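Taking it in order: structure first as structure tokens, then the write-up.
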Amino acid sequence: MNAYTELERELSHIGAAISVLERTRAHLFPRVSVDDPAYWKSRLDAILDARPGDTILERQVAQLCDRLKHLQADSAGVHARGRHHN
């Protein structure tokens, strides 16, 4: 399998993982690395590092990064609302 195909496969995997987080995020707290959007962001950064200047991959990565930003913002809101003040 060539390297480009492997990167496309990785993007597909990351996209699926983000979809799961989007559906379940309100019920999860980052207890493990795969529950943390930062983990997936680092994986996306690695893809960009592997193929610098590839506009197709860059576009896909940018779209996934936008979804991660929404997850992080939603997560911050949930955590802030869920805090108990004594």
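Determine whether S42 is loosely packed, with under 13 Cβ neighbours inside 10 Å and in contact with a helix residue (DSSP H, G or I) (Cβ under 8 Å, 6 or more places away or on another chain). In short, no.
Where residues in region 17-75 are of a type in the set (F, W, Y) and closer than 22 Å to E6 by Cα, which of them is modelled with the lowest pLDDT? Looking at residues that are of a type in the set (F, W, Y) and closer than 22 Å to E6 by Cα, I get Y39. Each residue in region 41-63 was checked for being of a type in the set (S, T, N, Q) and under 15 Å from G15 (Cβ atoms), and 2 pass.
One residue stands out in region 45-55 among those that are among the small types (G, A, S) and assigned to a helix (DSSP H, G or I): the one that is surrounded by the most Cβ atoms within 10 Å (Cβ to Cβ), namely A50. Scanning region 1-16 for residues that are of a type in the set (S, T, N, Q) and part of a helix (DSSP H, G or I), we see that the one that is modelled with the lowest pLDDT is T5.
The values are calculated or read from the model by the stated rules, or taken from the named source; none is laboratory data. What you see is a predicted model; the values in this text were computed from it and never measured. Virtual Cβ from ideal backbone geometry, glycine too; neighbours counted across all protein chains shown.
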